[in-house]
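Here's the structure we're looking at; comments come further down.
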Amino acid sequence: MEDRYSRQILLPEIGAEGQKRLAHSKAVVIGCGALGTHSSSYLVRAGVGSVSVVDRDVVDTTNLQRQTMFEEADVGRPKAHVAVEHLKKINSTIEIRGMHTEINSNNAEKIILGASVVVDGTDNMETRFLVNDVCVKNGVPWIYGGVVGVSGMVLVVKGDGPCLRCAFPKLPAPGELPTCDTIGIANTLPGVVAAMEVTEAFKIMMHKDHTEELMILDIWNQEIQKIRLKKNPDCECCGRHNYEYLTASSRK
């Protein structure tokens, strides 16, 4: 292990003890799109002991512009299955699982419980609210990440808040938020935001202090802002413990 991860072990931020903690950790990546492909690769290359990738979609030609794990020959195949094949070629010494399924209120806890950290690679807020519910309820740290256009955001949710719904109390109405389908995305953006997410995941898995602020990135102008969030005592999730997205019998 020391030879493979020697460049990480040399870092005072990680060291031999930190590498051992990574090796005994379990990361779950929800979504295997632009963020998820980068995040899962970073985690696997770093030697995280168990990495699970969850995604319901198949590879599309429009994905190839920014989802670096996929090739033209993969078009039409389940992303989770392709990811496992690719990731096992990178690191055969760890456990890698792929789940070609939709995460929903019926299976979310089964997928997430037992994880050391959950990394967001989704592309919709409803799924993020569900993950937020599961993680806050069960005390599982998770890292929100979002990318669109030339802008990205990262937020670590750990403990009893503040959580994602302290920052975004209500589910946006359809069409209210810009998406990659409507305004596009710079293909350099997901790699940067995923790197920020996974760096925070490393900190959590090594039991080190994480960044507490909401980080907002403008990759075009090379700007990063940090906004300190306060826990909202009236937050439906971490304040009132009303896990409405988890308790729903079914959601799209």
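Readers should treat all values here as calculations from the given coordinates under stated rules, not as data from a laboratory. From a predicted model like this one, the values you see are computed outputs, not experimental measurements. Cβ: placed from backbone, ideal geometry, glycine included. Neighbour counts: every protein chain shown.
Arranged by the count of other C-beta atoms within 10 angstrom, fewest first, what order do Trp142, Trp220 take? Write down the numbers at each step before the final one.
Values: Trp142 27, Trp220 12.
Going from sparsest to densest Cβ surroundings: Trp220, Trp142.
Which order results if Phe168, Phe129 are arranged by neighbouring Cβ count within 10 Å, fewest first?
On the way: Phe168 17, Phe129 23.
So the ranking, lowest neighbour count to highest, is Phe168, Phe129.
Can you compute the helix-only [θ] at 222 nm over the chain? Use -39500 (n - 2.57) per DSSP H run of at least 4 residues, normalise by all residues, nearest 500 deg cm²/dmol. Intermediate results must be reported in sequence, preceding the final value.
Working: 10 runs with 86 residues, N = 252.
Estimated from H runs of four or more residues: -9500 deg cm²/dmol.
Going by the alpha-carbon gyration tensor, a ≥ b ≥ c the square roots of its eigenvalues, is segment 126-252 rounded (a/c under 1.5) or, if a/c is not under 1.5, prolate (a/b greater than b/c) versus oblate?
Working: a/c = 1.85, a/b = 1.22, b/c = 1.52.
It comes out oblate by the Cα gyration axes.
Top mean-square fluctuation among Cys180, Cys32, Cys135, Gaussian network model of the chain, C-alpha springs under 10 Å?
Cys180
Describe numerically, in nm with one decimal, the distance between label points set 7 Å from Cα along Cα→Cβ at Glu244 and at Trp220.
The modelled label-to-label distance comes out at 3.5 nm.
Could you tell me what % of all Cα pairs in segment 6-247 have separations over 28 Å? Display every interim value, and only then the final one.
Details: 7986 of 29161 pairs.
Distances greater than 28 Å cover 27 percent of the Cα pairs.
Per residue of segment 89-96, what does 6.51 cos²θ - 1.76 cosθ + 1.60 with θ = phi - 60° give for ³J(HN,Hα)? Whole Hz please, x for Gly and Pro, Karplus curve as stated.
For segment 89-96, the Karplus-derived couplings read 6, 6, 8, 8, 9, 10, 8, 10 Hz, x marking Gly and Pro.
Per q in 0.14, 0.23 Å⁻¹, report the Debye log10 I(q)/I(0) for segment 133-174, using one uniform scatterer on each alpha carbon and no solvent.
At q = 0.14, 0.23 Å⁻¹ the computed log10 ratios are -0.36, -0.84.
For segment 211-222, just list the computed ³J(HN,Hα) in residue order, Karplus coefficients 6.51, -1.76 and 1.60, θ = phi - 60°, integers in Hz, with x standing in for Gly and Pro.
Result, ordered by residue: 6, 8, 7, 6, 9, 10, 10, 10, 6, 5, 9, 6 Hz.
Please check: in the Gaussian network model of the chain (C-alpha springs, under 10 Å), which one of Ile219, Ile103, Ile227 has the largest mean-square fluctuation.
Ile227
If amide H atoms are built 1.01 Å from N in the plane of the peptide, which residues on other chains or at least 5 residues away come under 5 Å of the amide H of Asp160?
Under 5 Å from the amide H of Asp160: no residue qualifies.
Going by how many other beta carbons lie within 10 Å of each one, how would you line up Glu85, Glu236, Glu72, fewest first?
Working: Glu85 13, Glu236 20, Glu72 8.
Fewest to most other Cβ atoms nearby, the residues stand as Glu72, Glu85, Glu236.
Rounded, prolate or oblate: which one fits segment 142-213, using the alpha carbon gyration tensor with axes a ≥ b ≥ c (rounded when a/c is under 1.5, else prolate when a/b beats b/c, else oblate)? Working shown, then result.
Details: a/c = 3.71, a/b = 1.38, b/c = 2.69.
Note, shape of segment 142-213 comes out oblate.
For the chain, modelled as a GNM with alpha-carbon contacts under 10 angstrom, which of Thr62, Thr179, Thr93 fluctuates the most?
Thr62
Using only Cα atoms, locate the centre of segment 92-128 and the centre of segment 1-39, then give the distance between them in Å, rounded to an integer.
About 18 Å separates the Cα centre of segment 92-128 from the one of segment 1-39.
Only bridges with both residues in the chain count here: give the DSSP antiparallel percent, nearest 5. Numbers along the way, then the final one.
On the way: 17 of 35 bridges.
In the chain, DSSP labels about 50 percent of beta bridges as antiparallel.
Given segment 29-141, what percent of its DSSP beta bridges are antiparallel, to the nearest 5?
Values: 1 of 11 bridges.
Approximately 10 percent, going by the DSSP bridge assignments.
Can you list residues whose amide H is under 5 Å from Val58's amide H, if they're 5+ apart or on another chain and H is modeled 1.01 Å from N?
Long-range HN contacts for Val58: Lys79.
Rounded, prolate or oblate: which one fits segment 182-236, using the alpha carbon gyration tensor with axes a ≥ b ≥ c (rounded when a/c is under 1.5, else prolate when a/b beats b/c, else oblate)? Before the final figure, lay out the partial values.
On the way: a/c = 2.12, a/b = 1.32, b/c = 1.60.
Here segment 182-236 falls in the oblate category.
Find the relative contact order for segment 6-247 and round it to a whole percent, using C-alpha pairs within less than 8 Å whose residues are 6+ positions apart.
On the way: 497 pairs, mean separation 48.5, N = 242.
It rounds to 20 percent for segment 6-247.
Using the Karplus curve 6.51 cos²θ - 1.76 cosθ + 1.60 with θ = phi - 60°, what ³J(HN,Hα) values do you get for each residue of segment 137-148, in whole Hz, with x for Gly and Pro?
4, 9, x, 9, x, 9, 10, 7, x, x, 9, 6
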